[in-house]
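Trainee: Take this structure, written in structure tokens, and hold onto it; I'll ask about it next.
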Amino acid sequence: MKEKLNLQAVLFDLDGVLIDSGADIVASVNAALTRFGYKEEPYEVIIKFVGNGAKNLLIRSLDYQGINAEAMPNFSEFFDWYVAWYRSHAAEKTVLYTGIGELLEKLKKEGVFCAVVSNKPLSVTREILKHFSIDSFFDAVVGPEQLSRIKPDPEGLALAVSFIEKKRNITILPEKVLMVGDSATDIQAGRALGAHTCAVTEGFGNREKLLAENAGIVVPFAGELVKILFMPKV
């Protein structure tokens, strides 16, 4: 990025961007697997399935064991059990990434509005933000239950922007929005909205696919955005 961005809003993915939640996600998937009579899988296997929502996470975890989720008569029960379990165990080992608090404080000080657009169940996302006492920084939180199409479709991003506009009684231009995510679908959604994009390379998304999207900003961790967005002009 050669020029300082004039932003009105920053939209964040959650897992792998704001929070390092891998251990709790994997533990919860394994809890669901064993509860329903299937075997546990290693962290490095399940973590690769994170990023496209809880339902796809479970479908991929089952598929890895040769189980067709569509043929399961009790998949909805399996899914509901996982969500309830994860909601109760979502912050046992999960931590905020370094620099997130500072970044959110700086964005607030500069009058830039923030939102979370995650494929994680909305109730769980809200609980996590509240647990880390960062919920007050976000004017909107969007989850898959509110959408007909998840990322890479920009529907969730557009909804988040509309929530901010309504709450703050302002108009937000797409070119003054930044989407921050750790997966290719985050960048694709941001680009489809007409927003600036930031790729977080040390999250859970496939790094090769993420970098192939050529996001406008590339950082290892989202906290690094403080230096990029607010560095003095030379």
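The values are calculated or read from the model by the stated rules, or taken from the named source; none is laboratory data. Owing to the predicted nature of the structure, the values given are computational and were not obtained by experimental measurement. We place every Cβ from the backbone using ideal geometry, glycine too, and count neighbours over all the protein chains shown. SASA here: full protein model, heavy atoms, side chains in, ligands and nucleic acids out. Shrake-Rupley method; radii C 1.70, N 1.55, O 1.52, S 1.80 Å.
Trainee: With each label point set 7 Å from Cα along the Cα-Cβ vector, what nm distance links Lys227 and Glu40?
Mentor: In this crude label model, Lys227 to Glu40 measures out at 3.8 nm.
Trainee: Under 5 Å between amide H atoms, partner at least 5 residues away or on a different chain: which partners does Ile19 have, H built in plane at 1.01 Å?
Mentor: Hits under the 5 Å cutoff: Tyr97.
Trainee: Moving on. For the chain, which longest stretch is free of loop sites, where a loop site is one of the trypsin sites (Lys or Arg not before Pro) that DSSP puts outside H, G, I, E and B and that has at most 13 other Cβ atoms within 10 Å?
Mentor: 40-148
Trainee: Taking 0.36 nm per residue of separation and subtracting the Cα-Cα distance, what length does fully extending Ala31 through Asp63 add?
Mentor: Length gained, Ala31 through Asp63: 9.9 nm.
Trainee: Students sometimes get this wrong: rank Tyr82, Tyr64 by accessible area, probe 1.4 Å, all chains present, largest first.
Mentor: Descending accessible area places them as Tyr64, Tyr82.
Trainee: Another one. If amide hydrogens are placed 1.01 Å from N in the peptide plane, which non-local residues have theirs closer than 5 Å to the one on Met179?
Mentor: Amide H neighbours of Met179, under 5 Å, 5+ apart: Leu11, His196, Thr197, Cys198.
Trainee: In addition: What number comes out for accessible area per residue over the chain if the probe is 1.4 Å? Units Å², please.
Mentor: Normalised by residue count, the accessible surface of the chain is 49 Å².
Trainee: Roughly how many percent of the accessible protein surface of the chain is carbon and sulfur, given a 1.4 Å probe and a whole-percent answer?
Mentor: 50
Trainee: To the nearest 0.05, what FRET efficiency results for Lys93 and Lys4 with a Förster distance of 41 Å applied to their C-beta separation?
Mentor: The calculated FRET efficiency here is 0.65.
Trainee: I've got another one for you. Taking only DSSP H segments of four or more residues, each worth -39500 (n - 2.57), what value at 222 nm results for the chain once the sum is divided by all its residues, to the nearest 500 deg cm²/dmol?
Mentor: Counting only the DSSP helices, I get -12500 deg cm²/dmol.
Trainee: Rounded to the nearest 5, what is the percent of antiparallel bridges among the DSSP beta bridges in the chain?
Mentor: If we restrict to bridges inside the chain, about 10 percent are antiparallel.
Trainee: Taking Cα pairs under 8 Å and at least six residues apart, what relative contact order does the chain come out at, in percent?
Mentor: Answer for the chain is 26 percent.
Trainee: Give, in nm to one decimal, the length gained when the segment between Leu159 and Glu145 is fully stretched (0.36 nm per residue of separation minus the Cα-Cα distance).
Mentor: Full extension of this stretch gives 3.8 nm more.
Trainee: Then there's this: What lysines sit close enough to Lys130 to cross-link, taking a C-alpha to C-alpha distance under 29 Å and skipping anything fewer than 8 places away on the same chain?
Mentor: Qualifying lysines at Cα under 29 Å: Lys48, Lys55, Lys93, Lys106, Lys108, Lys109, Lys120, Lys151, Lys166, Lys167, Lys176, Lys227.
Trainee: Suppose the chain between Lys48 and Glu102 were pulled fully straight at 0.36 nm per residue; how much longer would it get relative to their current alpha carbon spacing?
Mentor: Roughly 16.6 nm would be gained on extension.
Trainee: If you average the alpha carbon positions of segment 74-103 and of segment 112-183, how far apart do those two centres end up, in angstrom?
Mentor: Taking the Cα centre of segment 112-183 as reference, the centre of segment 74-103 is 17 Å away.
Trainee: Mind giving me the nanometre distance, one decimal, between the label points for Glu202 and Ser136, set 7 Å out from Cα along Cα→Cβ?
Mentor: 2.9
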